[in-house]
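Take a look at the structure below.
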Amino acid sequence: MNRYIGLMSGTSMDAIDCVLVDFSQDMPRILGARRTPIGEETRGRLIELSQGTGNELDKFAVLDNRIGHLFAETVIQLLQDCNVDPGAIDAIGSHGQTIRHYPPGSPAANSLQIGDPNVIAERTGITTIGDFRRRDMAAGGQGAPLVPAFHNAVFRSDTVERVVLNIGGIANITLLPRDPRTPVSGFDTGPGNLLMDAWTARHRGAAMDRDGAWAASGEVNAPLLRQLLDDAYFHLPPPKSTGREYFNLTWLEPMLAEHPCPSENVQATLCELTARTISQAIERHAPRAEEILICGGGIHNKHLWKRLQAHLASRTLASTLEHGIDPGHVEATAFAWLAKQTMEGKPGNLPSVTGADRRVILGGIYLGGDTRYKGQGTINKA
């Protein structure tokens, strides 16, 4: 059938993206998509859990189950929207909701995503692949980013050097060389929307700075920006990955104490931090890139787009929609593709991106009601 569902909830923790994808042609064809908001009460609990406050084990148990059901309900609703029977789906690829990501080098190198795949498989009756990151980490990798393997499959060109820029809570880039002999690389550049969203929530009671209008109303605090850019993460060589447990308002506050300024100026500075760290990463690691294909929620921040254009003036910036996939659907589609790789017994990671020792088959397989598994007999080849 070659039909898969991808589920993705990113560092922003604001919604679940779900896509139904047909992989029978060279280019994935999205047959339907659904976005389910994560309620403010649940989102608040997720943020608390991700930042380690209170009884974490109890919170984990409640939210793992709750998010699993929310993922399953999103799939069920999408299938109803598309009038598609669950039996017509090969598998679901669920990234889950990251609540901890500790890359190699930290005391507890691990990555934890919640949204119990058992619940998804049981409620939908569809085989579900989850826990994608930790097999790459077991092989010595960062466990992230994983989406560059999909970018390589669908966006690489033999005529032009490209970068795929995903701006979620965390921003990451995939470097796609024109020369097929040159390996793909990619890494997390640092904060995407995460700090801007948190600052907006604290001072304006809103989930985001819509269109970047608040940031545009302020002025960049140059001394504060310099200190933010001095953070060691921005100077680490790839492979590298990060998350909410590192970049958050607790990280920001000591530097704000040294450089106090109006809240709108802080927002302008945080927007500039995102634009500057992205552009510096591209300049340093992809100096010959001619096209930047942008996806993720940050594409809707007009002020951020303007700042990226200013810093990357010699390059063409374009939405991934111009290359066949809506920018809001790229990551969920990637996890549908990764589920396909797993079900076919094929590796899903790129060691040149994550730093793993070798290519491995990713994820755990949670069989659906009909217990189909096309990759049977190949899973032990990882």
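The values are calculated or read from the model by the stated rules, or taken from the named source; none is laboratory data. Here the structure is a predicted model, which is why all the values come from computation and not from measurement. No Cβ is skipped: glycine too gets one built from the backbone with ideal geometry, and neighbour counts run over all protein chains shown.
Has region 333-349 got at least one residue that is over 24 Å from LEU31 (Cβ atoms), of a type in the set (S, T, N, Q) and touching a helix residue (DSSP H, G or I) at 6+ places or on another chain (Cβ under 8 Å)? Within region 333-349 (the criterion being over 24 Å from LEU31 (Cβ atoms), of a type in the set (S, T, N, Q) and touching a helix residue (DSSP H, G or I) at 6+ places or on another chain (Cβ under 8 Å)), the answer is yes, since at least one residue qualifies. Can you run down the residue pairs with Cβ atoms below 9 Å, 6 or more apart or on separate chains, where the first is in region 122-134 and more than 30 Å from GLY355 (Cβ to Cβ) and the partner is among the aromatic types (Phe, Trp, Tyr) and surrounded by fewer than 22 Cβ atoms within 10 Å (Cβ to Cβ)? Hits for this filter: GLU122/TYR366. When region 13-44 is filtered for residues that are more than 24 Å from ALA121 (Cβ to Cβ) and buried (at least 24 other Cβ atoms within 10 Å of the Cβ), nothing remains.
Test ARG244 against the stated conditions and say whether it is of a type outside the set (Gly, Ala, Ser), at pLDDT below 95 and under 30 Å from ALA15 (Cβ atoms). Taking the combined requirement at face value, the residue satisfies it. Quick one: in region 149-165, which of the residues that are out of contact with any Phe, Trp or Tyr (no Cβ under 9 Å at 6 or more places or on another chain) and closer than 27 Å to ILE365 by Cα is surrounded by the fewest Cβ atoms within 10 Å (Cβ to Cβ)? Per the stated criteria, the residue is ASN152.
For the residues ARG43, ARG3, the requirement of being in contact with a strand residue (DSSP E or B) (Cβ under 7 Å, 6 or more places away or on another chain) and of a type in the set (D, E, K, R) singles out ARG3. Within the option set THR269, THR174, being touching a Gly at 6+ places or on another chain (Cβ under 7 Å) and either in the same structural domain as GLY44 (by TED's automatic domain parsing) or touching a residue at least 12 places away in the same chain (Cβ under 8 Å) (or both) holds for one residue only, THR174.
Any chance you could count how many residues in region 103-160 are in a loop (DSSP other than H, G, I, E, B) and not hydrophobic (A, V, I, L, M, F, W, C)? Residues in region 103-160 being in a loop (DSSP other than H, G, I, E, B) and not hydrophobic (A, V, I, L, M, F, W, C): 17 in total.
Of all residues in region 279-308, exactly one satisfies the criterion of being among the small types (Gly, Ala, Ser) and touching a Ser or Thr at 6+ places or on another chain (Cβ under 6 Å), namely ALA281. Check whether at least one residue in region 182-190 is in a strand (DSSP E or B) and closer than 28 Å to GLN25 by Cα, and report yes or no. Yes, region 182-190 contains at least one residue that is in a strand (DSSP E or B) and closer than 28 Å to GLN25 by Cα. Do we find that ASP179 is charged (D, E, K, R) and within 11 Å of the chain's Cα centre (by Cα) in this structure? So ASP179 does not fit the description; no. Taking each residue of region 93-120 that is touching a residue at least 12 places away in the same chain (Cβ under 8 Å) and surrounded by fewer than 24 Cβ atoms within 10 Å (Cβ to Cβ) and looking for partners that are aromatic (Phe, Trp, Tyr) and assigned to a helix (DSSP H, G or I) with beta-carbon atoms closer than 6 Å, six or more apart or interchain, yields nothing. Within region 77-92, take every residue that is surrounded by 15 or more Cβ atoms within 10 Å (Cβ to Cβ) and in contact with a helix residue (DSSP H, G or I) (Cβ under 9 Å, 6 or more places away or on another chain) and give me the one that is farthest from GLY39 (Cα to Cα). Looking at residues that are surrounded by 15 or more Cβ atoms within 10 Å (Cβ to Cβ) and in contact with a helix residue (DSSP H, G or I) (Cβ under 9 Å, 6 or more places away or on another chain), I get ASP90. The helices (runs of 4 or more DSSP H) located wholly in region 296-382 that include 2 or more residues which are basic (Lys, Arg), within 30 Å of GLU272 (Cα to Cα) and modelled with pLDDT of 95 or more occupy 302-311.
The rows are residues; the columns are (1) under 25 Å from GLU290 (Cβ atoms); (2) touching a Pro at 6+ places or on another chain (Cβ under 9 Å); (3) acidic (Asp, Glu).
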{"residue": "ASN118", "(1), (2), (3)": "no, no, no"}
{"residue": "THR128", "(1), (2), (3)": "no, yes, no"}
{"residue": "GLN142", "(1), (2), (3)": "no, yes, no"}
{"residue": "LEU175", "(1), (2), (3)": "yes, yes, no"}
{"residue": "TRP214", "(1), (2), (3)": "no, no, no"}
{"residue": "SER217", "(1), (2), (3)": "no, no, no"}
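Of the residues ILE278, ILE282, the single one that is hydrophobic (A, V, I, L, M, F, W, C), surrounded by fewer than 23 Cβ atoms within 10 Å (Cβ to Cβ), over 24 Å from GLN25 (Cα atoms) and within 19 Å of the chain's Cα centre (by Cα) is ILE282. Whenever a residue of region 292-317 is within 20 Å of ARG156 (Cα to Cα) and not assigned by TED's automatic domain parsing to the domain that holds LEU175, it has no partner that is assigned to a helix (DSSP H, G or I) and at pLDDT 95 or above lying with C-beta atoms less than 8 angstrom away and at least six residues away or across chains.
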